[in-house]
């Protein structure tokens with residue numbers, strides 16, 4: 001028995017159009033799952049491979065998860081859901097998050113939408129005895145000067161994972177999470193595209209390299225598999241040892 005074979009399973013990756021979410025989506029597809037992704041652009045063709053997007057073999061739909069009403073009304077292209085991965089996320093740099101409007105926007109996408117998506121698919125997950133995986137961040141465990149909304153929202157996602165884990169276990173749903181460290185995506189280019197910043201960041205990572213979407217996908221596959229059948233409400237820190245110091 002291959003416990004990482006997801007043949008016959010249906011997976012939805014919210015935020016699966018690029019970056020970490022896309023890596024997770026393609027990992028599930030490679031292991032036999034029918035994979036759907038939600039993104040922000042009108043069509044799959046609007047995404048660029050240079051931004052870490054590979055939508056080959058994935059079913060795409062545009063849904064603005066920052067709008068809870070849109071999430072609730074979004075038609076599902078499937079009648080069964082085994083795995084829900086919430087990998088959506090945004091950040092506003094240049095101290096924009098210290099302004100209430102930007103703060104609210106980031107928290108809405110990074111935290112409120114997690115509950116909106118979970119609520120939208122709770123019934124399907126319960127019927128399938130499925131799993132929900134929340135992608136938060138290593139930022140949930142330390143301060144991130146300059147991005148208070150990102151930090152608060154990712155810390156909130158960590159807490160939500162624990163609470164939904166306990167609450168929804170009674171419905172047959174396992175909820176766990178992943179907290180990525182520094183992963184090369186379009187959201188982290190403020191660091192990765194600047195040699196001095198990148199060198200400084202790498203010195204703090206014991207493994208000596210950036211994380212990749214594939215690294216995060218490995219954790220997601222494990223959490224969704226029978227190998228993690230007795231794990232509940234936990235968030236795996238996948239950071240190359242960044243927070244060990």
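The values are calculated or read from the model by the stated rules, or taken from the named source; none is laboratory data. Just so it is clear, the structure is predicted and the values come from calculations on it, not from any experiment. Here Cβ is always computed from backbone atoms with ideal geometry, including for glycine, and neighbour counts include all displayed protein chains.
Just name the residue that is farthest from the chain's Cα centre (by Cα) out of those in the stretch 217-245 that are farther than 22 Å from residue 173 by Cβ and either part of a loop (DSSP other than H, G, I, E, B) or free of Cβ contacts under 8 Å to residues at least 40 places away in the same chain (or both). Residue satisfying both the conditions and the ranking: 245. The residue that is surrounded by the most Cβ atoms within 10 Å (Cβ to Cβ), counting only those in the stretch 206-232 that are closer than 13 Å to residue 20 by Cα and touching a strand residue (DSSP E or B) at 6+ places or on another chain (Cβ under 7 Å), is 220.
Give me the residue from the stretch 190-205 that is surrounded by 12 or more Cβ atoms within 10 Å (Cβ to Cβ) and out of contact with any helix residue (DSSP H, G or I) (no Cβ under 8 Å at 6 or more places or on another chain) and, out of that set, nearest to residue 23 (Cα to Cα). If you could, list the steps in order and put the result at the bottom.
Just the residues of the stretch 190-205 that are surrounded by 12 or more Cβ atoms within 10 Å (Cβ to Cβ), to begin with: 190-192, 194, 197-198, 201-202, 204-205.
Now restrict to residues that are out of contact with any helix residue (DSSP H, G or I) (no Cβ under 8 Å at 6 or more places or on another chain): 194, 202.
Numbers: 194: 23, 202: 22 Å.
For the stretch 190-205, the residue satisfying everything is 202.
Mind checking whether some residue in the stretch 12-22 is under 15 Å from the mean Cα position of the chain (by Cα), touching a residue at least 24 places away in the same chain (Cβ under 8 Å) and surrounded by fewer than 22 Cβ atoms within 10 Å (Cβ to Cβ)? Looking through the stretch 12-22, none of the residues is under 15 Å from the mean Cα position of the chain (by Cα), touching a residue at least 24 places away in the same chain (Cβ under 8 Å) and surrounded by fewer than 22 Cβ atoms within 10 Å (Cβ to Cβ).
Scanning the stretch 159-189 for residues that are over 14 Å from residue 234 (Cα atoms) and out of contact with any helix residue (DSSP H, G or I) (no Cβ under 8 Å at 6 or more places or on another chain), we see that the one that is surrounded by the fewest Cβ atoms within 10 Å (Cβ to Cβ) is 170. Of the strands (runs of 3 or more DSSP E) lying entirely inside the stretch 31-137, those containing at least 1 residues that are surrounded by fewer than 16 Cβ atoms within 10 Å (Cβ to Cβ), at pLDDT 95 or above and out of contact with any helix residue (DSSP H, G or I) (no Cβ under 8 Å at 6 or more places or on another chain) span 59-62.
Here residue 156 passes the criteria (1) crowded, with 19+ Cβ neighbours inside 10 Å; (2) touching a helix residue (DSSP H, G or I) at 6+ places or on another chain (Cβ under 7 Å) except the one numbered (1).
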